[in-house]
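Q: First, the structure itself, so that you have it in front of you.
The values are calculated or read from the model by the stated rules, or taken from the named source; none is laboratory data. Every value quoted in this text rests on a predicted model; they were computed, and no experiment measured them. In this analysis, Cβ positions are derived from the backbone assuming ideal geometry, glycine residues included, and neighbour counts consider all displayed protein chains. Only protein heavy atoms, including side chains, enter the accessible area calculation; ligands, DNA and RNA are left aside. Shrake-Rupley method; radii C 1.70, N 1.55, O 1.52, S 1.80 Å.
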Amino acid sequence: MNGEFFVAFVLALTLLGGLGLIAFTLSGRQRLRELAIRERIALIEKGLVPAPETDPARFETLVGLRRPVNGRASRYRSAGVILMGLGFAMLVLLAFAAGVPEVGLGVGGGVAIIGIAAFVNGTLMSRDDDPHSTTTLPGGSDRL
């Protein structure tokens, strides 16, 4: 009984410490972003143009050195990763906790394969030349 309490206490302490660390990191990043925005506003108020080095990714996108991010492809990749994780979690849960490895492999594996398909679809979509172009379908519709 005493050992179980100790394990639960250490687990809870680790969880709370991790959450505190995440909160601390996020607040630090927020503060740095806020300071950068204030500096940029001060430069603009003085009539100066902020240097492109302050946001090189945006500068490269505006100049045309970097392709813009395809939002749809990014969402497909994110959904694929989430579905793969869900599938593997279901596989482990059903195989070990429920004691039915065949069902776990079937159900969890199926969901994981759908996730892999979504991830591959998003990866292939990101290779398109122009993510903002529309495809005209037969009949004149541009909606897929």
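Q: If ligands, DNA and RNA are left out, what is the accessible area of S74 with a 1.4 Å probe, given in Å² to the nearest 10?
A: Accessible surface of S74 is approximately 40 Å².
Q: Also: Ignoring ligands, DNA and RNA, what percent of the 1.4 Å accessible area of the range 1-116 is carbon and sulfur?
A: 72 percent
Q: Oh, and also: Just to verify a number: what accessible area does T61 come out at with the full protein assembly present, 1.4 Å probe, Å² rounded to tens?
A: Using a 1.4 Å probe on the heavy atoms, I get roughly 60 Å².
Q: Given labels modelled 7 Å from the Cα in the Cβ direction, how far is it in nm from T14 to I37?
A: 3.7 nm
Q: For the range 21-127, I need the span (max minus min coordinate) of the C-alpha atoms along each principal axis, in Å, sorted largest to smallest.
A: 69, 37, 14
Q: Give the calculated FRET efficiency between I44 and S74 to the nearest 0.05, with a Förster radius of 41 Å applied to their Cβ-Cβ distance.
A: For R0 = 41 Å, the calculated efficiency reads 0.85.
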